[in-house]
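Reading through the structure tokens given below for one structure.
The values are calculated or read from the model by the stated rules, or taken from the named source; none is laboratory data. Every value quoted in this text rests on a predicted model; they were computed, and no experiment measured them. In this analysis, Cβ positions are derived from the backbone assuming ideal geometry, glycine residues included, and neighbour counts consider all displayed protein chains. We work out accessible area using only protein heavy atoms, side chains counted, and drop any ligands, DNA or RNA first. Shrake-Rupley method; radii C 1.70, N 1.55, O 1.52, S 1.80 Å.
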Amino acid sequence: MYITRTMALLRIPMRNPPVHEEPKTDVVPFLRTASRSTDCILEPLSFPEQPAASDVAASSERTLPCFLCSHSALLSEKNTLLKHLALEHKVVIADVGLVADFPRYMLYWRTRFSQQPITDFCSVIKTNSEGPAENQENYFLLCDVLPEDRILREQLQQKRLEEVLEQQQRERDDCNFQHVCMFCNEEFSGNRSTLFNHMAKDHSFSVGLPDNIVYCKEFLKTLEEKLDSLQCLYCEKTFRDKTTLKDHMRKKQHRRINAKNNDYDRFYVINYLELGKTWEDVQSEDDHDILEDNDDDWSDWQEHPVCAVCLFCEQQAETMDKMYKHMQNTHGFDFHQLKTDLNLKFYQQVKFVNYIRREIHQCRCYGCQETFSSEADVLQHISDSGHIMNLPKVSVWDQPQYYFPTYENDALLFALSDSDGESESLEHTGNVPVIAEDISNLEAIKHTSVLKQLLKDRSSSS
């Protein structure tokens, strides 16, 4: 079956359907991984401090020699060589996509096959084993079931990991990094973490910890090429112009990369740690270990409450009561009064808060619409002119566009509630009505009560 699938995918004509003897090892996983690994870096190079753009292209021009004849192919045409091996020599290499350095792998086996026959290393698979002898063919499977092959793959993987870690350390220590932000065109120089922290803080675009990234410049170039081609980084849909793309990524919260896209794997060190394991495999193992942990002691758990930020300054508070009191005592802004006067429901409160945040962020007074040069100036104007409670008509801010938060991590939005008025009214009401049970047949209940019979029995026994 495996040989049939191999020859079918390689478009090899067969005279008769083969009768097979199936091995336990999959013979053609390289065919399934070939399409997704075409653009992957099979052997990370030791880049200089300022790697040239041609280095990556040069890696794809390395030559792959056939280990049984003089035929060769470029690394970028690896599938051509694999097809040659299957057609001309009846050799299939298992799990090609997991070989860290395929050229060195081929050179090693070229030397070994020149010393000993191929049958000393490869499993022999006979096709049409129950058919006529003239229709039978022997195929040779080279896989990591052979200890020597397994050791070779592990050594190549270890060498690649060492090269990647050396490259990562060079990038972490590099203080001559210089790059422009892909969102605001601001230029950053020094350490690469400055740029990544800026994109995470100011543009809500996080790619993880900068120390976990390798081949940083190529990573940034890949992201910029996608944006230049008007492609969303997360859903990877293409849009007609940059404005539409920008609005889509903001509204859909798509300012992140697609974790399912394997093209990004080569930029994260975690994907080089274990042979044949991606970050998802490593993470699932960690989650499994946590689930199997029987330690249920949560006594050392410390909860860190999320603090809400004032609408008019940088003051933070852990509870909404403290925040309401601060805004009223410090700024004269009575949020409870506005909720009561305007009868604000929950989603209206959300839009109201987002409206105030956006106006102040745009340095514009929401009371008179006057524009200033900085947030400090507009806040000073609102305080001095008494516009703190001078709000525009409800129709101005009660718009669908204010459903979207001005600040994505605005904890004040999480603490809003439309039940405050109801709870307060109950607290201020002294006589809360209590609905009694049905007492229409109280006398009958008294005469038929089980307690009455128990008391009668107890008095008679005494």
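Residue by residue through region 345-352, what is 3J(HN,Hα) from phi via Karplus (6.51 cos²θ - 1.76 cosθ + 1.60, θ = phi - 60°)? Round to whole Hz and write x for glycine and proline.
Values per residue, Gly and Pro as x: 7, 4, 5, 5, 5, 4, 5, 5 Hz.
Across region 61-132, what fraction of all alpha-carbon pairs, as a whole percent, falls in each successive 10 Å bin from zero upward?
Per 10 Å bin, starting at zero, the Cα-Cα P(r) for region 61-132 comes out as 17, 52, 23, 7, 0 percent.
Roughly how many nanometres apart are two label points built 7 Å out from the Cα toward the Cβ at CYS307 and ASP174?
Reported label-point gap for CYS307 and ASP174 is 3.7 nm.
Heavy atoms only, probe 1.4 angstrom, no DNA, RNA or ligands counted: give me GLU137, GLU187, GLU163 ranked by accessible area, highest first. It would help to have the intermediate numbers written out before the result.
Working: GLU137 55, GLU187 110, GLU163 25 Å².
Greatest to least solvent exposure: GLU187, GLU137, GLU163.
In whole Å, what are the extents of region 122-242 along the principal axes defined by its C-alpha atoms, from largest to smallest?
Extents along the principal axes, in whole Å: 72, 40, 18.
Which order do the peptides 209-220, 317-328 take when ranked by the mean count of other beta-carbon atoms within 10 Å per residue, highest first? Don't jump to the answer; show the numbers that get you there.
Numbers: 209-220: 18.1, 317-328: 16.0.
Per-residue Cβ counts within 10 Å, averaged per peptide and sorted highest first, yield 209-220, 317-328.
Could you sort out which of LYS242/LYS351; LYS252/LYS325; LYS159/LYS252; LYS83/LYS226; LYS201/LYS226 sit more than 31 Å apart by Cα distance in this structure?
Numbers: LYS242/LYS351 27 Å; LYS252/LYS325 35 Å; LYS159/LYS252 41 Å; LYS83/LYS226 33 Å; LYS201/LYS226 21 Å.
Over 31 Å apart, Cα to Cα: LYS252/LYS325; LYS159/LYS252; LYS83/LYS226.
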